[in-house]
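Accompanying notes for the structure given below.
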Amino acid sequence: MSWNDDWRRVRAVALKDLTAERRSKSGLNAVTFLGVLVLMLFGFALGPDTESLRDAAIGAIWLAILFSGVLAFNRSYQLELDGGALEPLLLYPGSRWSIFAGKLLANLAFVGLVELIVIPVAMVLFHVSVPAGWGAQLGVTLLGTIGFVTLGTFYAAMSSRSRSREVLLPLLLFPMMIPVLLGAVEASTSLMEGNVMRDAGAWIRMLLVYDVVFLAAALAVFEFVIEV
Amino acid sequence: MESVVSRATGVPIASREVRWTTVGIVGLVLLVVAQLYGVLTSPPDRDMGHLQKIMYVHVPAAWNAMLAFLLVALASLRYLWKGRLADDLLAASAAEVGMLLTGLTLALGMIWGKPTWGIWWTWEPRLTSTAVLFFMFVAYLILRTFVDDAERRAQWSAVVGLLGALNVPIVYMSVRWWRTLHQMQSSPMTLDSSYTWPLRVNAIALMLLMAYAVAHRYRSAIMTQTADELMDRLALQGAPGGGGSRA
């Protein structure tokens, strides 16, 4: 099995998931709407004062992404299970990790699309203007999203096939998300304030280490999860 | 003595029962002695007064909780490596005891924090990481109750236990960067010698009790597993008394 074959397999799984999503759009619509709804709820909970809204904006964005995105991951396997398609998918020759990598890419695209709507809406609702270093902000968002989607896609392979999957996934996922949440929120906040304390770099490195560690770990142990 | 051996775990259920009971009794006696020793001999702290005595349970509980978590990680790794169901049951037993100890650490920390800092909870690194550890133990145990198939449960919880262990240092580092306000970590180095010995003896006593509790839970998990297998075999054979391989 060459690297090329693996990559073709990854791409096929990702495109299959994205095509299924594009044809129904029900998942994307529901999850995006929920994300915006969570932002509205934060707005009501934190009151109409512009200053406090602005201070809470980045945290609210990340919680909206976590709370809405978590619904996407179970779906990614649920579609396979409903159609009885998981076993055939496992029967195809090739490595197991390519299935995970394909689903990971599809979920990344999915959550990225949700963010594309949720973040601008949050900026409007919470009175945040486009920051000067928006490139770095995008980088932070990307790193945080990769960490979130990696573990979300990984744990959903278990939760989607157990009882009470709706409860199980957040219970497994959210305690693991604390470094991502801290790193992304702190790095973004620091960049917003012009990185005066020069601490954004440390948080970005932490996010990078987190992503690499858990991406490698998830790819390595995925076959233990999917084969039983 | 005739002993029934579980096929899946390969562990005889009557093994080493007496030895672990002795460990439990020794641990309990030592704990009572060490607590009395700590409460009676160590002088009141300059700032905290007798409130400091909470340390004799709080700190040993925290240390032993870390030990329990290490045991979960090692047993999980061994399960993935060797595929013996017994290792999974050991990890689960250690996780139960670990959850209890992290819960105890948190509760005592809060009871100590209220009069000392004036607040029940502070977002201090070690306190916060312990809370995260507690939630990871809880999630691990909840996962186990949600999965019925023994092999699937073992495989999944081993993976969750391992990823959780990977996350512990990252959580700790990130929370420490985020907030730093705590009392220096209590270790024999930061303490006056009048507090050191009671702390050490208490930690050892609690460790013995933990070992006893883990062994006891492990034993009962093996028994449950063996009973399940016997029931299955009985149901398959349809004749009473037909099951049970002899070792």
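The values are calculated or read from the model by the stated rules, or taken from the named source; none is laboratory data. Since the model is a prediction, treat every value here as computed from it, not as a measurement. Here the Cβ is made from the backbone with ideal geometry for all residues, glycine too, and neighbour counts use every protein chain on show. These area figures cover heavy atoms from the full protein model, side chains too; ligands, DNA and RNA do not enter into them. Shrake-Rupley method; radii C 1.70, N 1.55, O 1.52, S 1.80 Å.
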Probe 1.4 Å, all protein chains in place: accessible area of B:Trp156 in Å², nearest 10? 0 Å²
Average partner coverage of A:168-180, which counts Cβ from other chains inside 10 Å: 6
Using only protein heavy atoms and a 1.4 angstrom probe, determine the accessible area buried between B and A, summed over both sides, in Å² to the nearest 100. 2700 Å²
Surrounding net charge for B:Ala213, when Lys and Arg each add one and Asp and Glu each subtract one, Cβ distance under 12 Å: +1
Scanning chain A for GluC sites (Glu not before Pro) in DSSP loops with at most 15 other Cβ atoms within 10 Å, what's the longest stretch left with none? A:1-192
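Work out how much length B:Val33 to B:Met231 would gain on full extension: take 0.36 nm times their residue separation and subtract the Cα-Cα distance, in nm to one decimal. Intermediate values should be presented prior to the final figure.
Working: separation 198, 0.36 × 198 = 71.28 nm, distance 4.50 nm.
Length difference between fully extended and current span is 66.8 nm.
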Starting from the amide H of B:Asp45, placed 1.01 Å from N in the peptide plane, find each other amide H under 5 Å away whose residue is 5 or more places distant or on another chain. B:His50, B:Gln52
Can you list the lysines whose alpha carbon sits under 16 Å from that of B:Lys53, skipping same-chain ones fewer than 8 residues off? B:Lys114
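Select from chain A the helices, each a whole stretch of DSSP H, whose alpha-carbon atoms run 20 Å or more along the helix axis and whose Kyte-Doolittle mean is at least 0.5; answer none if there are none.
On the way: long enough: A:3-24 (32 Å, -1.17); A:26-46 (30 Å, 2.05); A:50-82 (47 Å, 0.58); A:97-125 (40 Å, 1.97); A:134-159 (36 Å, 1.14); A:178-192 (21 Å, 1.47); A:200-226 (37 Å, 1.93).
The answer, listed by residue number, is A:26-46, A:50-82, A:97-125, A:134-159, A:178-192, A:200-226.
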Residue-normalised 222 nm signal for the protein assembly as shown, counting each DSSP H run of n ≥ 4 as -39,500 (n - 2.57), nearest 500 deg cm²/dmol, is -28000 deg cm²/dmol
Quote the Stokes-Einstein diffusion coefficient, in whole µm² s⁻¹, for the protein assembly as shown, based on the Kirkwood radius over alpha carbon pairs, a temperature of 20 °C and a viscosity of 1.002 mPa s. 86 µm²/s
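In whole percent, what relative contact order does chain A give with Cα contacts below 8 Å and a gap of six or more residues? Walk me through the intermediate numbers first.
Details: 236 pairs, mean separation 58.3, N = 228.
For chain A, the relative contact order is 26 percent.
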Computed lengthening from A:Ala30 to A:Val212, 0.36 nm per intervening residue step minus Cα-Cα distance: 62.5 nm
Determine, from the Cβ-Cβ distance of B:Thr224 and A:Leu46 and an R0 of 56 Å, the FRET efficiency 1/(1 + (r/R0)^6), rounded to the nearest 0.05. 0.70
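Provide the gained length on full extension for the span A:Glu223 to A:Leu15, in nm with one decimal, where the gain is 0.36 nm per separating residue minus the Cα-Cα distance.
72.8 nm
If contacts are Cα pairs under 8 angstrom and at least 6 residues apart, what is the relative contact order of segment B:17-219 in percent?
Working: 232 pairs, mean separation 80.8, N = 203.
40 percent.
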